[in-house]
Structures are given as structure tokens and as C-alpha cells.
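Undergrad: Take a look at this one; I'll ask things after.
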């Protein structure tokens, strides 16, 4: 069973009460952040076997994880979800990860290169795996956003180095501040990057999957790198704010002198 992780949606609307029917499957809310689809008659603890079962996990922050969905069916699934989203991102990024089921495995789970092998896979396993994969590809998006902010400040610094002047308008600086702050807030609050899933809290087997995949996809290290870049942005913001403030003070002093002289 292969799962792909397209990231193509803006923050979705709350779909707690929504139901979407498609090919004998139903979109059902599982908790405040996670939705999954599964065929009728399969309970949350039911074992999943065979290659004919398709599953989709939809996160309100924009990631979609598709389990065992053929490539030619992906667009159809995404169009269904798009109806309940606030919009599309300019580009969709995809990734793949393999989940193998082996009942004779002598341990509960075993990791490999770009795959994880389990004794059995059920809805709880899909929810656990999906939560990490969804966070991983969403984190990629936020890293690219912050990289863009860092590039803007790098250009500003190079311009100051060449000309010795700073010409940015206060409004533009505030927009960069807002963009940086909103990205950090989204990563912490919307992704729940440091929140263990409910299933992982309740069952050690799924906690093992959750911890393994977080390590496999280096979520902690990637967030640390993102945080470092945001600190660089914060340092530049403070520096440029001081320049703007000094410029304003100098102008006020000149205006005051001019009035007194008159």
C-alpha cells in the first residue's frame, strides 16, 4: 500500500458536519483536525488487508494523504476536497511513502528505506501515519515561505551594503513582520507539530509508529532549522525598525528646528 501526500489547499473550512459521498466511501469527521474516509462496515479497529482498499486523510491546514489511490484517481479525490477548502495554492507538491503489511513479522513494526512494515494496518494506523506525513509536507511549504522572507531580507542587506541607504517603506516592513509571525503561528498551532496524536497517547504500538516516523522525516530537526531562520528574520526586523525609528526621530527634530527658526 503506497500513500502519497499532496499539499495543494489553503487552510480548509471547518467540515465537522460535512459528508461527501464517493464510490461507496463517506467523508467522516474523526476529530477537530483530522478527517478520514473508509469503506462502510469497517470499524476503527478493523484490520485492513488486500490492495483494493483506498483511504484518504484530510487535514484542515491543507495536507491530504491518500492511501493506495491510483495516480489516475488522485485528481478526482482532490476535486472533492477542493469543494470544502478556501482555495488552492499556486502549485501542488507530492511525495510518496510505502506502508507494508506483513502478519508474520516477528515485531510490531519495522522501518526501511522509504517504507514502514507493520504486522497489520488498520484505521488507527492510517490515522497515525497520515498525521506525520501530513505534517511533513506542510512543513515543507512553510519552510519555502520562510526561505522567501529570508531571501527578501538578504536582498535588503545587500542593497544597504552597496548604497549605504535604506529605502523600504514602513508598510512593507510590517507586511514582512506579519508574514513571518503568521508562518510561525501556523506551524505551532495549526500543524500541532509538538502534539502527539490521541491514538499515540492511548496505545504504545501507535506511539512507536508516531515516534519512528517523526524521526524518519526529521520533523524536530526541520522545525529547529525553520526556527533558526525565523530568528534571523526577527534580528533583521529589529534592526530595520530601529533605522525607521531613527529616521522618523531625525525628521521630527528637523521639523521642530524649522518651526522654531521661523
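The values are calculated or read from the model by the stated rules, or taken from the named source; none is laboratory data. Note that the structure is a prediction, hence the values are computed from the model and not measured. Note: ideal-geometry Cβ built from the backbone for every residue, glycine included; neighbour counts use all protein chains shown.
Undergrad: Scan segment 157-176 and tell me whether some residue there is touching a helix residue (DSSP H, G or I) at 6+ places or on another chain (Cβ under 8 Å), more than 24 Å from residue 60 (Cβ to Cβ) and crowded, with 18+ Cβ neighbours inside 10 Å.
TA: Yes; the residues of segment 157-176 include at least one that is touching a helix residue (DSSP H, G or I) at 6+ places or on another chain (Cβ under 8 Å), more than 24 Å from residue 60 (Cβ to Cβ) and crowded, with 18+ Cβ neighbours inside 10 Å.
Undergrad: Please state which one of 211, 216 is modelled with pLDDT of 85 or more and farther than 19 Å from residue 124 by Cα.
TA: The unique qualifying residue is 216.
Undergrad: Name the single residue that is nearest to residue 60 (Cα to Cα) among those in segment 190-221 being touching a residue at least 40 places away in the same chain (Cβ under 8 Å) and part of a loop (DSSP other than H, G, I, E, B).
TA: If we take residues in segment 190-221 being touching a residue at least 40 places away in the same chain (Cβ under 8 Å) and part of a loop (DSSP other than H, G, I, E, B), then 191 is nearest to residue 60 (Cα to Cα).
Undergrad: Out of (1) in a loop (DSSP other than H, G, I, E, B); (2) without any contact (Cβ under 8 Å) to a residue 12 or more places away in the chain, the odd one out for residue 61 is which?
TA: Among (1) in a loop (DSSP other than H, G, I, E, B); (2) without any contact (Cβ under 8 Å) to a residue 12 or more places away in the chain, the lone unmet condition for residue 61 is (2).
Yes or no, residue by residue, for (1) outside the structural domain of residue 92 (by TED's automatic domain parsing); (2) out of contact with any strand residue (DSSP E or B) (no Cβ under 8 Å at 6 or more places or on another chain); (3) free of Cβ contacts under 8 Å to residues at least 60 places away in the same chain; (4) not in a helix (DSSP H, G or I):
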{"residue": "147", "(1), (2), (3), (4)": "yes, yes, no, no"}
{"residue": "166", "(1), (2), (3), (4)": "yes, yes, no, yes"}
{"residue": "175", "(1), (2), (3), (4)": "yes, yes, yes, no"}
{"residue": "223", "(1), (2), (3), (4)": "yes, yes, no, no"}
{"residue": "232", "(1), (2), (3), (4)": "yes, yes, no, no"}
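Undergrad: OK, next. Could you list, in sequence order, all residues of segment 130-142 that are in contact with a strand residue (DSSP E or B) (Cβ under 6 Å, 6 or more places away or on another chain) and under 14 Å from residue 212 (Cβ atoms)?
TA: Passing the criteria: only 133.
Undergrad: If you check residue 244 against the conditions, is it outside the structural domain of residue 97 (by TED's automatic domain parsing), at pLDDT below 85, in contact with a helix residue (DSSP H, G or I) (Cβ under 9 Å, 6 or more places away or on another chain) and on the phi < 0 side of the Ramachandran plot?
TA: yes
Undergrad: Shifting gears a bit: Please pick out the residue among 88, 113, 139 that is more than 30 Å from residue 236 (Cα to Cα), under 17 Å from the mean Cα position of the chain (by Cα) and either surrounded by fewer than 17 Cβ atoms within 10 Å (Cβ to Cβ) or assigned by TED's automatic domain parsing to the domain that holds residue 218 (or both).
TA: Only one candidate passes the filter, namely 88.
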